[in-house]
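*Asks:* Have a look at this one before I ask anything.
The values are calculated or read from the model by the stated rules, or taken from the named source; none is laboratory data. Small disclaimer: the values here were computed from a predicted structure and weren't measured. So basically every Cβ, Gly included, is an ideal-geometry build from the backbone, and we count neighbours across all protein chains shown. To get the accessible areas, we keep the full protein, side chains included, count just its heavy atoms, and leave off ligands, DNA and RNA. Shrake-Rupley method; radii C 1.70, N 1.55, O 1.52, S 1.80 Å.
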Amino acid sequence: VQTVAAATGVPTLPALESAFLGNVVRHGVFEERCSMCGDCVLDATAGICPVTTCPKGLLNGPCGGMWEGKCEVLTDRDCTFVQINRRLVDQGRGPASRIVPPKDFSKHMKPGSIDMRHARPKQPKGMPGGAATAETVGGSGDAIDRSGCCG
Amino acid sequence: MSRLSEALDSGRFVVTGEVGPPLGTDTGSMERAAAVMAPVCTAINVTDNQGATLHMSSIAASARLLAMGYEPVFQQTCRDRNRLALQSDLLSASAMGLENLLVVTGDDPRSGDHPHAKGVFDLDSTQLLGIAAGMNEGHDMLGRDLDGHTGFYLGAAMFPEAEPWDIQLMKAEKKIAAGARFFQTQAVFDLDKLARATEAMHDLGAKVIAGILLLRSPRVVKFINEKLAGLEVPAYIGERIAAAERPSLEAVELAVEQVTACRDICDGVHIMPLGLDASVPEIVERAGVGRG
């Protein structure tokens, strides 16, 4: 909508709501598992994102609303920290007893902007431009690794 | 120094009460509730937009209780304020003379009266405890020196009955590592689970004050089971209240039994009156735990 509106100058209306970045669970079924926060914690959380899947985005364990392992807000779903702990223990890595420090919300860029063209290292003349690597993403500010697949 | 910390450190069994600030500017009914409970309570908690519903701030209402000569436990949730506002409020609270701080995550806004509000949760309760502990030592969360440090006795919430226990325990251990010195628990009905939790917390040097709910009617039981997250009144208790000729009297009997039993298990009780404020002194005295 925004691209067409900017390019044409014609009044352009949205016909749908962009809800979230959906992981495909099965055809027609989507779940949000990554909120593209720019400050990934998945290494310590067994590949389950608490920033996204805990309704409160907590980092250090369940809130007081957990009951019988279920989430207080999404009551038909296991608490994110029950899921994380289960997988960490299964992997011989748990439980997660380290205190996770406050999150760096400045990395959640709003509005987001990444300029891969100008961050790209100079290529020898005549060489085709290579694919951007993690090191080349992020422009002149902090390097932000957006090269991997989202969580 | 807070009376609550002195009492707990000296091994005295403490009683804490709870009041909710008003939806409005008139603190009269809150003051009356506090006045009824204060003679038998070491401190009185002042809730912070409890149940994610709009009320006067805990900091202002706590200051009101302090001015009346009572000792408040200032509660702070992580739901409504970011790290700037939370730290700012801690400085304000300490400057106003508030000495007890209970840090909780906070109910989700979707369960309250402003369900369209944005839940902040910039920090979680463990992180905020750590920051408050740092402020007690004289620095903010960035490590910068404060011009005058806070002096909070730091408390946190705990949930002895919510399973699975291993991750509850993990969270409680983190809270102690972050600086919590005492816990006030969610309402407890299962004394074996209370004993399990207390033993674990005592091993780590923290005190445990057990939550006691006054269930004045079957309607209150229904409200708790349907509306309050992380809490369920066991069926046998609900049936006992429902079968009673006068449920509010039965609620007092039940509370006397619970408080009496807690004397041998933990370090105190936190009585949440849910409208039965006037019965708190009777419960405390009959259970033999009044301020001596």
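*Asks:* Would you please state the base-10 log of I(q)/I(0) at q = 0.07 1/Å for the protein assembly as shown, with intensities from the Debye formula using one equal scatterer on every alpha carbon?
*Replies:* Computed log10 I(q)/I(0) values: -0.41.
*Asks:* Which of these, B:130, B:17, B:268, has the largest mean-square fluctuation under a Gaussian network model of chain B (Cα springs below 10 Å)?
*Replies:* Of the options given, B:130 has the highest mean-square fluctuation.
*Asks:* Can you list residues whose amide H is under 5 Å from residue B:18's amide H, if they're 5+ apart or on another chain and H is modeled 1.01 Å from N?
*Replies:* Here the answer is B:45, since their amide H atoms fall under 5 Å of that of residue B:18.
*Asks:* Still on this model: From the phi angles alone, apply the Karplus equation (6.51, -1.76, 1.60; θ = phi - 60°) to segment B:151-156 and give each ³J(HN,Hα) in whole Hz, x where the residue is Gly or Pro.
*Replies:* Karplus values, whole Hz, x for Gly and Pro: x, 7, 8, 8, x, 9.
*Asks:* While we're looking at this one, here's another question. For chain B, give the magnitude of the charge dipole about the Cα centre (Cβ charges: +1 Lys/Arg, -1 Asp/Glu; no others), in debye to the nearest 20.
*Replies:* 300 debye
*Asks:* Let me ask something else about it. What lysines does residue B:227 reach when the alpha-carbon gap must be under 19 Å and sequence neighbours fewer than 8 apart in one chain are set aside?
*Replies:* Leaving aside lysines fewer than 8 places away in the same chain, those within reach of residue B:227 are A:56, A:70.
*Asks:* Please average, across the residues of B:227-233, the number of beta carbons from any other chain that are within 10 Å of each residue's own beta carbon, and give a whole number.
*Replies:* That works out to 4 on average.
*Asks:* Let me ask something additional. What size of dipole, in debye to the nearest 20, comes out for the protein assembly as shown about its Cα centre when the only charges are +1 on Lys and Arg C-beta atoms and -1 on Asp and Glu C-beta atoms?
*Replies:* Details: 43 positive and 54 negative charges, 272 e Å.
Taking the Cα centre of the protein assembly as shown as origin, the dipole is about 1300 debye.
*Asks:* Report ³J(HN,Hα) in whole Hz for each residue of segment B:28-36, in order, from the Karplus equation J = 6.51 cos²θ - 1.76 cosθ + 1.60 where θ = phi - 60°; Gly and Pro get x.
*Replies:* Taking θ as phi minus 60°, the curve returns x, 6, 5, 5, 5, 4, 5, 5, 5 Hz for segment B:28-36.
*Asks:* Pop out the Kirkwood hydrodynamic radius of segment B:236-285 from its pairwise C-alpha distances, inverse of mean 1/r, in Å to one decimal.
*Replies:* Kirkwood hydrodynamic radius for segment B:236-285: 11.5 Å.
*Asks:* Mind running the shape call on segment B:67-148? Use the C-alpha gyration tensor, a ≥ b ≥ c as the square roots of the eigenvalues: rounded below 1.5 for a/c, prolate if a/b tops b/c, oblate otherwise. Kindly include the intermediate steps, with their values, before the conclusion.
*Replies:* Working: a/c = 2.36, a/b = 1.36, b/c = 1.74.
Here segment B:67-148 falls in the oblate category.
*Asks:* Now for a separate question. What's the percent breakdown of Cα-Cα distances in chain B across 5 Å bins, shortest bin first?
*Replies:* All Cα pairs, binned at 5 Å, distribute as 1, 6, 12, 17, 20, 19, 14, 8, 3, 1, 0, 0, 0 percent.
*Asks:* Please give the helix B:125-137 orientation as an angle from the longest Cα principal axis of chain B, in degrees from 0 to 90, rounded to the nearest 10.
*Replies:* 60 degrees
*Asks:* For segment B:20-59, rounded, prolate or oblate, judged on the Cα gyration tensor with a ≥ b ≥ c (square roots of eigenvalues), a/c < 1.5 rounded, else prolate if a/b > b/c?
*Replies:* Oblate.
*Asks:* Given Cα pairs under 8 Å that are at least 6 residues apart, what percent is the relative contact order of segment B:1-123?
*Replies:* Rounded, it is 25 percent for segment B:1-123.
*Asks:* Another question, then. Please calculate the 1.4 Å probe accessible area of residue B:174, with all protein chains present, and give it to the nearest 10 Å².
*Replies:* 10 Å²
*Asks:* Report, in debye and to the nearest 20, how large the dipole of segment B:171-292 comes out about its Cα centre when Lys and Arg carry +1 and Asp and Glu carry -1 on their Cβ.
*Replies:* Roughly 460 debye, rounded to the nearest 20.
*Asks:* Give me the compactness ratio for segment B:189-292, meaning the Cα radius of gyration over 2.2 N^0.38 Å.
*Replies:* On the way: Rg = 14.0 Å, N = 104, 2.2 N^0.38 = 12.8 Å.
Compactness ratio reported: 1.09.
*Asks:* Hey, can you grab everything whose amide H is under 5 Å from the amide H of residue B:268? Only 5+ residues off in sequence or another chain; H modelled, so Pro and N-termini drop out.
*Replies:* So residue B:268 has HN proximity to B:14, B:210.
*Asks:* Hey, got the average number of other protein chain Cβ atoms within 10 angstrom for residues in B:116-125? Intermediate values should be presented prior to the final figure.
*Replies:* Working: counts 0, 0, 0, 4, 2, 9, 4, 6, 13, 5.
So the per-residue partner count for this stretch is 4.
*Asks:* Could I ask something else about it? Which percent of the Cα-Cα distances in segment B:160-212 go past 13 Å? Show your work: numbers first, answer last.
*Replies:* Numbers: 728 of 1378 pairs.
Summing the P(r) tail past 13 Å for segment B:160-212 gives 53 percent.
*Asks:* Calculate I(q)/I(0) for segment A:83-122 by the Debye formula, one identical point scatterer on each C-alpha and no solvent, and give its log10 at q = 0.34 Å⁻¹ to two decimals.
*Replies:* One equal scatterer on each Cα of segment A:83-122 leads to -1.03.
*Asks:* Excluding ligands and nucleic acids, what accessible area in Å² is computed for residue A:18 using a 1.4 Å probe, to the nearest 10?
*Replies:* My reading of the accessible area for residue A:18 is about 110 Å².
*Asks:* Given B:132, B:215, B:20, which one lies farthest toward the positive end of the charge dipole of chain B, if we put +1 on the Cβ of every Lys and Arg and -1 on the Cβ of every Asp and Glu?
*Replies:* Projecting each Cα onto the dipole axis, the largest value belongs to B:20.
*Asks:* List the chymotrypsin sites (Phe, Trp or Tyr not before Pro) in segment A:20-94 that DSSP assigns to loop (not H, G, I, E or B) and whose Cβ has at most 15 other Cβ atoms within 10 Å. Which are they?
*Replies:* A:20
*Asks:* Translational D (Stokes-Einstein, µm²/s) of segment B:42-194 at 25 °C and 0.890 mPa s when Rh comes from the Kirkwood sum over C-alpha pairs?
*Replies:* So the translational diffusion coefficient is about 154 µm²/s.
*Asks:* Residue by residue through B:164-172, how many Cβ atoms from other chains fall within 10 Å of the Cβ on average?
*Replies:* Values: counts 9, 0, 5, 13, 5, 3, 9, 9, 1.
Per-residue shielding by partner chains comes out at 6.
*Asks:* State whether segment B:1-92 is rounded, prolate or oblate according to the following rule on the C-alpha gyration tensor (a ≥ b ≥ c being the square roots of its eigenvalues): a/c under 1.5 gives rounded; otherwise a/b larger than b/c gives prolate, and the remaining case gives oblate.
*Replies:* Oblate, since a/c reaches 1.5 and b/c is not below a/b.
*Asks:* Ratio of alpha-carbon Rg to the 2.2 N^0.38 Å globular estimate for segment A:53-107, to two decimals, please. It would help to have the intermediate numbers written out before the result.
*Replies:* Values: Rg = 12.0 Å, N = 55, 2.2 N^0.38 = 10.1 Å.
Taking N as the residue count of segment A:53-107, the ratio is 1.19.
*Asks:* Can you check how the C-alpha radius of gyration of segment B:118-183 compares to 2.2 N^0.38 Å, as a plain ratio?
*Replies:* 1.25
*Asks:* Continuing with this model, one more query. Quick check on packing: order B:80-90, A:5-15 by the mean number of other C-beta atoms within 10 Å, highest mean leading.
*Replies:* Top of the packing list down: B:80-90, A:5-15.
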